[in-house]
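The values are calculated or read from the model by the stated rules, or taken from the named source; none is laboratory data. Everything numeric in this text was worked out from a predicted model, so none of it was measured. Cβ atoms come from the backbone with ideal geometry, glycine included; neighbour counts cover every protein chain shown. For the accessible areas, the whole protein counts, side chains as well, though only heavy atoms, and no ligand, DNA or RNA atoms are used. Shrake-Rupley method; radii C 1.70, N 1.55, O 1.52, S 1.80 Å.
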Amino acid sequence: IVPIVMAGVLGIYGLIVAVILTQSIRPPNADNTTSYSMYNGYAHMAAGLCCGISCLAAGGTIGVIGDAGVQGFGLRASGGKRAWASEGEGGDDVGMGGNSEAANADAANKLYVGLLIMLIFSEALALYGLIVALILSQHSYVCEAA
């Protein structure tokens, strides 16, 4: 469930950037002039792309880590026994060298901690993109009437 929650946070990052960018867009004046310059438009596009692409990369990373982590955690917790191994095929097959239940639980916990650390660092990719997007969105140029 941890990778699912962390992937949901990525959508919230995009929502934050969208709200901030939307607040700085002004409608045209009555005489059909605007104070929203091309500089602001390109800065806002760069901010959106920075946040979006970094969240896309972080989401892919979270997916790969989550998939590998769930598979490895399940294998460790089951003592190395595969789900398709039937009971009738040499019933003395104990998996990965006959580890005890306590050793399996300890190995699974160590794997889980490593999984969480990798997920946190992959979430940092999106956080860096959010920070850069916020910095880009703060730059503005106002068009003045000549």
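Apply 1/(1 + (r/R0)^6) to the Cβ-Cβ distance of V9 and S35, taking R0 = 22 Å, and write down the FRET efficiency to the nearest 0.05.
That pair, V9 with S35, gives E of 0.05.
Assuming 0.36 nm per residue, please report the length gained on full extension of the stretch I120 to S24 beyond their Cα-Cα distance.
Result for the pair: 31.4 nm of gain on full extension.
Keeping all protein chains in position, work out how much accessible area H44 exposes to a 1.4 Å probe, and write it in Å² to the nearest 10.
Counting only protein heavy atoms, H44 exposes about 20 Å² to solvent.
Would you kindly find the accessible area of D31, with a 1.4 Å probe and non-protein molecules such as ligands, DNA and RNA excluded, rounding to the nearest 10 Å²?
Result for D31: roughly 110 Å² accessible.
Multiply the residue gap between Y42 and F73 by 0.36 nm, knock off their C-alpha separation, and tell me the result in nm, one decimal place.
6.6 nm
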